[in-house]
Amino acid sequence: MITEFTPFMSLFGGLLIGSSTVLLMLTLGRIMGATGVLAGFMQPSSASDWSWRAALLAGMVTAPALMTLVTGQAPEIQVPVNTLMMIVGGFIVGVGVTYGAGCTSGHGVCGMARFSPRSIAATITFMIFTAITVYVVRHVFGG
Amino acid sequence: MKRIVSTYLIGLIFGIGIMMSGMANPAKVLNFFDFFGTWDPSLIFVMGGAILVAAPGYWLVVARPAGKPLMDAKFHVPQNRKLDAKLIAGSAVFGVGWGIAGFCPGGALPAIGTLNPAVLTFTAALIAGIFAAKFAQTLTARRTNSATA
């Protein structure tokens, strides 16, 4: 499935992601990592710890509806993989981000922006393994 | 209340950024990594743009004379700077999953709002994976404790 090259939309999206990351550090002193926010939401350490995570997640999930309202069309989600791959992939991601203590947002953006050696190592590692996996799935198995 | 409202708005900005960027579109994510096929380099602009803002932004925030965030007593920033096998192995496993599904947690969470069945399936499996790993970590910790006791 071919996708359109969208440098400006992607850059603008990235700038918004970066801005929200800085704002969360400025207001609550927290890292904008999806893994950490989600894991802490499901197993919070206190009521106040839960409430900011809930508010953040509520903001995230209302974004598509707001965008649909403003632009008149829903954001594009194209899924080139089957349900089984979604389930297997999702489960593997969950295990990996728990042991790796972070994902694209936590390590790839926040950690990289802090020049954390752990995050730089983690980001390089997952980028390499994602690329290998995509190569194997698409060009070895021909998925 | 101020804390909740501002955090909600920050989540909204993050969500709009994710949806606009293409990070919540598995076809685009997988194409970014498909150098020998239908390569789409768009996503390099996402990480580039995000770090372009976050790196100086973080520096400015932490350098503020207050020495603490606006609505909390202190910064909650990981202090661990050591590389270990768990970090690298976990990140490698995450990469494999991301390459299979095309969603990462940050991409999927805002996309839940679309109620797209693939996103909901991914998120349910993601949560199951997180709980399975946490359970395994608890077992490992218990075994280590009883071994040293």
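What follows draws every value from the coordinates through simple rules; no lab data is involved. As the structure is a computational prediction, the values presented were derived from the model and not from experiment. Don't worry about glycine lacking a Cβ; one is built from the backbone with ideal geometry, like all the others, and counts go over all protein chains shown.
Worth pointing out:
- Over region A:1-136 - Rg/Rh using Cα atoms and the Kirkwood inverse-distance radius: 0.97
- Candidate aspartates and glutamates for bridging to B:Lys28, where Cα separation is under 13 Å - those fewer than 8 sequence places away on the same chain excluded: A:Glu4, A:Glu76, B:Asp40
- A:Ile124 versus B:Asn80: modelled label distance in nm, points set 7 Å from Cα along the beta carbon direction: 1.9
- Counting only residues at least eight positions apart within a chain, or on another chain, the lysines with an alpha carbon under 27 Å from that of B:Lys82 are B:Lys68, B:Lys74, B:Lys134.
- Per the Debye calculation on the protein assembly as shown with a single equal scatterer at every Cα and no solvent contribution, log₁₀ I(q)/I(0) for q = 0.15 Å⁻¹ amounts to -1.13.
- Look at where the Cα atoms of region B:125-149 and of region B:11-27 average out, and the two centres are 32 Å apart.
- Span-like helix ranges in chain B, DSSP H, alpha carbon extent 15 angstrom or more, Kyte mean at least -0.5: B:2-21, B:43-63, B:85-101, B:117-148
- Most mobile of A:Gly14, A:Gly72, A:Gly59 in a GNM of chain A (Cα contacts under 10 Å): A:Gly72
- Helix runs (DSSP H) in chain A reaching 18 Å along axis by Cα, Kyte-Doolittle at least 1.6: A:7-27, A:83-100
- Partner chain coverage, peptide B:73-79 - average Cβ within 10 angstrom: 5
- Peptide B:135-144 is shielded by partner chain Cβ atoms: per residue, an average of 1 of them sit within 10 Å of its Cβ.
- Using the Cβ of A:Asp49 as centre and a radius below 13 Å, the other residues enclosed give a net charge of +2, where K and R count +1 and D and E count -1.
- Cα centroid separation, region A:42-94 to region A:1-39 (Å): 13
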